[in-house]
1. Take the Cα radius of gyration of the range 7-135 and divide it by 2.2 N^0.38 Å, with N its residue count; two decimals is plenty.
2. Membrane-span-like helices in the chain: DSSP H runs reaching 15 Å or more (Cα, own axis), mean Kyte hydropathy at least 0.0?
3. At 0.36 nm per residue, and after removing the present C-alpha to C-alpha distance, how many nm does the segment from residue 155 to residue 215 gain when stretched out fully?
4. Calculate, axis by axis, the spread of Cα positions in the range 78-193 along the three principal axes, and write the results as whole Å, longest axis first.
5. Average the reciprocal distances over every distinct pair of alpha-carbons in the range 142-341, invert the result, and give the Kirkwood radius in Å.
6. Quick one: net charge of residue 305's neighbours, Cβ under 9 Å, K/R +1, D/E -1?
7. Straight distance only, please: which lysines reach the Cα of residue 313 with their own Cα at less than 20 Å, same-chain residues fewer than 8 apart left out?
8. Estimate the FRET efficiency between residue 283 and residue 165 by the formula 1/(1 + (r/R0)^6), using the beta-carbon distance for r and 35 Å for R0, to the nearest 0.05.
Amino acid sequence: MALVRKCVVWDLDNTLWDGVCLEGAVRVRPGVCHVIEELDRRGILHSIASRGEKDIAFEILRDHNLDNLFLAPQINWEPKPKNIITISKELNIALDAIAFVDDDRFELNQVTYMLPEVLTIEASRASELTLLPDFCPECVTREARARRQFYQAEQARKCAESRYRTREGFLASCAMRLTLRSMVESDLPRASELMSRTHQLNTTGRVLPQEELLKILNGASGTTTAKVAELTDCYGSYGIVGVAILKTTSASWTLQYLAVSCRVLGRGVERAILASLLHHGHNLGLSCAKALFRDTGRNRAMRALYQMMGFRKQGVPTEDGTTVFLSNGNNIPEVPSWIEVL
């Protein structure tokens with residue numbers, strides 16, 4: 001599956017609209033509006049890095065019903081590379097998943113020089129974005145269509161968190177419910193999407209073809225099973241946030257693959273998923289749990305999760321760099337108290 005950019009960061013003056021808003025009336029470009037709305041339907045987010053006054057710019061955006069389509073907008077007098085870094089951090093999106101559109105060649109070159117991971121696009125090509133491979137996911141899942149709403153719910157969570165004295169107090173107030181269930185065929189598009197988009201909490205970086213996943217669902221892979229994790233809280237549904245593939249023998253099971261959406265990073269969800277799998281195996285009388293890991297350069301958080309959950313490295317890596325981590329089944333960590341597993 002080709003890499004698809006997760007977020008487009010837009011300049012405003014002479015890019016989203018014709019003219020400079022601080023100098024008088026401007027005309028929003030209809031073709032650009034169409035692109036923004038279409039990419040939003042595909043699950044690609046939008047933000048703004050533009051010079052100017054935020055209140056004035058947002059008055060124009062509201063007049064054209066566009067204000068709700070932009071997340072973490074940075075409209076100020078700061079350098080645009082700095083604003084793009086801020087957007088990357090606020091949305092928890094890697095720089096190599098961001099594209100930047102501007103009419104000013106100096107600004108584009110500056111971003112390319114300082115942030116080479118970011119794809120830069122001239123404003124004159126903005127109407128072509130819906131046709132470029134970087135913005136054409138192979139399929140558009142239910143979660144993708146609702147991605148902007150997921151992020152807006154997350155902004156509401158952040159606002160609410162400021163009213164709590166402790167992080168755990170806030171997390172407990174969210175009433176998180178985690179469902180860990182067998183994968184079904186209708187989950188395949190989302191499972192593939194998670195595998196390709198998730199980098200930090202990904203055990204091996206593999207992207208299994210849907211045909212291979214379908215064989216697992218149909219029992220053609222013997223003792224290998226696939227599970228998905230769904231999450232809700234008082235702010236709404238996150239949809240499917242995790243994919244796990246396990247191989248079971250008479251005495252042990254091996255976690256061959258685990259990916260957990262970066263959107264839930266820091267909530268203890270990845271711990272809840274792994275603890276639930278460990279307890280389930282223990283309840284079945286499986287005395288040994290193994291987990292595979294391959295360093296992709298971006299998944300250190302997953303290695304740390306294994307170690308936090310009592311797994312220890314076993315042996316040396318295989319030729320493809322895969323390492324086996326082992327848990328003896330004793331002292332299995334509990335699911336975080338603020339998460340209810342259904």
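1. Output field value: 0.95.
2. 269-283
3. On the way: separation 60, 0.36 × 60 = 21.60 nm, distance 3.89 nm.
This chain segment gains 17.7 nm when fully extended.
4. Computed over the range 78-193, the largest-to-smallest principal extents equal 48, 43, 20 Å.
5. Taking every pair of different Cα atoms in the range 142-341, averaging 1/r and inverting gives 17.5 Å.
6. Values: positive: 271, 303; negative: 270.
Summing Lys and Arg as +1 and Asp and Glu as -1 gives +1.
7. Partners within reach: 247, 290.
8. Numbers: r = 37 Å, r/R0 = 1.05.
Efficiency for this residue pair is about 0.45.
We did not get these values from a lab; they are worked out from the coordinates using the rules stated. Note that the structure is a prediction, hence the values are computed from the model and not measured. Positions of Cβ are backbone-derived with ideal geometry, glycine not excepted, and every protein chain shown enters the neighbour counts.
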